[in-house]
Amino acid sequence: MAPTRPLVVISQPIPPSALERLQTFADVEMGEDSSRIMARADLLERVRRADGLFHLMHDLVDADMIAAAKNLRVIASMAIIPATVDVGAATARKIAVTTIPPIVTEATADLNWALLMAAAMGNDHGNPGQGNMEAGCCNLERGYSRDHFAPEIAEACKHGITG
């Protein structure tokens with residue numbers, strides 16, 4: 001009998017290149033809509049069967065979720081600190097918890113200042129009259145999603161500020 005592949009549950013879509021790498025060694029179940037947070041009941045049901053969980057910073061991975069996931073061996077968090085993960089409960093079960101490195105902190109601060117300056121100037125796209133909003137590049141009405149700055153979206157949009 002061939003060994004079974006591990007199951008990795010991902011709460012929201014990730015870039016295709018990352019998904020392809022994961023699929024070389026694991027079966028993957030992924031939330032389909034990057035503009036919606038997966039319902040806790042749905043995430044809990046998927047995590048019950050999972051060997052690994054890759055979640056975004058808004059997903060609460062508490063002691064109840066960890067206890068329900070009998071096969072869970074790793075929790076990968078797309079956050080700089082595991083604020084939404086019960087690290088104590090994971091440690092008690094010898095489940096590894098990973099986070100992203102804080103390498104984007106300064107870049108995030110720079111981007112926020114640029115956005116504040118652009119907003120103060122009434123310039124939402126850096127190139128007046130060119131309409132990134134109409135192109136769907138800066139659709140903030142959908143809410144936050146990690147793919148707002150995905151390469152395929154970012155390359156189609158105009159960037160920069162004037163002033």
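In table form, for the structure just shown:
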{"read-out": "Bins of 5 Å from zero: percent of alpha-carbon pairs in region 7-100", "value": "3, 14, 28, 27, 20, 7, 1"}
{"read-out": "Karplus 3J(HN,Hα) series, Hz, for region 112-117 with 6.51 cos²θ - 1.76 cosθ + 1.60 (x for Gly, Pro)", "value": "4, 4, 4, 5, 4, 5"}
{"read-out": "Region 80-97 - phi-based ³J(HN,Hα) in whole Hz, Karplus 6.51/-1.76/1.60, Gly and Pro as x", "value": "6, 10, x, 5, 9, 10, 7, 5, x, 5, 5, 4, 4, 9, 6, 9, 6, 10"}
{"read-out": "Karplus-derived 3J(HN,Hα), 6.51/-1.76/1.60, for each residue of region 27-33, Hz, glycine and proline x", "value": "7, 10, 10, 9, x, 8, 10"}
{"read-out": "Separation in nanometres of the label points that stand 7 Å from Cα toward Cβ, at residue 42 and residue 115", "value": "2.5 nm"}
{"read-out": "Under-5 Å amide H pairs with residue 30, H placed in peptide plane, nonlocal only", "value": "10"}
{"read-out": "Long-range amide H partners of residue 35 with built H, under 5 Å", "value": "none"}
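Laboratory data are not the source of any read-out in this text; all were calculated from the coordinates shown. Computed from a prediction, not measured in an experiment: that's the story for all the values here. Here the Cβ is made from the backbone with ideal geometry for all residues, glycine too, and neighbour counts use every protein chain on show.
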